[in-house]
Amino acid sequence: MKKRVIINLQQIGEAGLELSEEVEAAALLGTEATGSLRAAGPVSCSIRAQVYDEKELVARAAMQAPLRVRCERCLEEFDFTLPVACTLNVSLERDQEEVDLTDDLHEELMLALPTYPKCELIGKSCQINDVMSEFGLDKAPQQGVDSVAPGGKSVWDALDAVNASPSE
């Protein structure tokens, strides 16, 4: 298993170069787990690289990153595979022999990570949506809690008065 994704430019022919590799998750996802996400295995990478006019490398990558995710709503953990497809353009220097795509692929994966992961990612319904829970979502009003302002008016009546046009 590789730690870096390096393209040797000498191996790229006129038809391009195709690579399929497994890369350590720490190399592409980072070493520390973010709050609700962590790697659950190596990242699979398929890359098709082509050089144009000896000045630019175009690499089309498809990655599959297995993750262990904690739902932000119900706090239950589940496994999820994040698919990422991207195209990378790299300017080449004269007599350059190889290109390291690791940092660019890392950025693409970071941008694709869900910011607020929920069970819906895998088609599962959160228990918090099914029943009333202690989180305070979808609860029935409690005894003795009045949601109407004093005098029987809604708390939004004051905003209605702001939009009212003055009498002419």
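The values are calculated or read from the model by the stated rules, or taken from the named source; none is laboratory data. Please read all numbers here as calculations on a predicted model, not as lab measurements. Neighbour counts run over all protein chains shown; Cβ positions are idealised from the backbone, glycine included.
Comparison of Val69, Val23, Val51, Val58 shows that the only residue that is crowded, with 16+ Cβ neighbours inside 10 Å and over 30 Å from Lys118 (Cα atoms) is Val51. Of all residues in the stretch 1-26, none that is over 15 Å from Ala39 (Cβ atoms) and hydroxyl-bearing (Ser, Thr, Tyr) has its Cβ atom under 7 Å from the Cβ atom of a residue that is modelled with pLDDT of 85 or more and outside any strand (DSSP E or B), 6 or more apart or on another chain.
Please verify whether Leu82 is assigned to a helix (DSSP H, G or I), surrounded by 15 or more Cβ atoms within 10 Å (Cβ to Cβ) and under 17 Å from the mean Cα position of the chain (by Cα), treating the condition exactly as stated. Outline the logic, then answer.
Details: assigned to a helix (DSSP H, G or I): no; surrounded by 15 or more Cβ atoms within 10 Å (Cβ to Cβ): yes; under 17 Å from the mean Cα position of the chain (by Cα): yes.
Against the criterion (assigned to a helix (DSSP H, G or I), surrounded by 15 or more Cβ atoms within 10 Å (Cβ to Cβ) and under 17 Å from the mean Cα position of the chain (by Cα)), Leu82 does not qualify.
Of the set (1) surrounded by 15 or more Cβ atoms within 10 Å (Cβ to Cβ); (2) in contact with a strand residue (DSSP E or B) (Cβ under 7 Å, 6 or more places away or on another chain); (3) farther than 21 Å from Met110 by Cα; (4) not hydroxyl-bearing (Ser, Thr, Tyr), all apply to Cys45 but (3).
Please work out if Glu76 is surrounded by fewer than 16 Cβ atoms within 10 Å (Cβ to Cβ), within 28 Å of Ile122 (Cα to Cα) and modelled with pLDDT under 90. Step through it out loud before you land on a result.
Working: surrounded by fewer than 16 Cβ atoms within 10 Å (Cβ to Cβ): yes; within 28 Å of Ile122 (Cα to Cα): yes; modelled with pLDDT under 90: yes.
Against the criterion (surrounded by fewer than 16 Cβ atoms within 10 Å (Cβ to Cβ), within 28 Å of Ile122 (Cα to Cα) and modelled with pLDDT under 90), Glu76 qualifies.
Confirm whether Leu92 is without any contact (Cβ under 8 Å) to a residue 24 or more places away in the chain, surrounded by fewer than 17 Cβ atoms within 10 Å (Cβ to Cβ) and hydrophobic (A, V, I, L, M, F, W, C). Here the answer is no, as Leu92 does not meet what is asked.
Residue-by-condition table, conditions (1) in a loop (DSSP other than H, G, I, E, B); (2) modelled with pLDDT under 90; (3) among the polar types (S, T, N, Q); (4) within 26 Å of Ser46 (Cβ to Cβ):
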{"residue": "Arg94", "(1), (2), (3), (4)": "yes, yes, no, no"}
{"residue": "Leu121", "(1), (2), (3), (4)": "no, yes, no, yes"}
{"residue": "Lys124", "(1), (2), (3), (4)": "yes, yes, no, no"}
{"residue": "Ser133", "(1), (2), (3), (4)": "yes, yes, yes, no"}
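If you take the residues of the stretch 21-60 that are acidic (Asp, Glu) and in a strand (DSSP E or B), which of them is farthest from Ala85 (Cα to Cα)? So the residue we want is Glu56. Determine if the stretch 25-42 includes at least one residue that is within 27 Å of Glu120 (Cα to Cα), of a type in the set (S, T, N, Q) and at pLDDT 85 or above. The answer is no; no qualifying residue exists.
Within the stretch 7-20, which residues are in a strand (DSSP E or B) and surrounded by 13 or more Cβ atoms within 10 Å (Cβ to Cβ)?
We begin by selecting, within the stretch 7-20, every residue in a strand (DSSP E or B); these are 7-8, 13, 16-20.
Result: Ile7, Gly16, Leu17, Leu19.
Mind listing whichever residues of the stretch 88-125 are hydroxyl-bearing (Ser, Thr, Tyr), more than 17 Å from the chain's Cα centre (by Cα) and more than 30 Å from Ile6 (Cβ to Cβ)?
Narrowing the stretch 88-125 to residues hydroxyl-bearing (Ser, Thr, Tyr): 91, 102, 115-116, 125.
Filter again for more than 17 Å from the chain's Cα centre (by Cα), leaving 91, 102, 125.
Answer for the stretch 88-125, where residues must be hydroxyl-bearing (Ser, Thr, Tyr), more than 17 Å from the chain's Cα centre (by Cα) and more than 30 Å from Ile6 (Cβ to Cβ): just Ser125.
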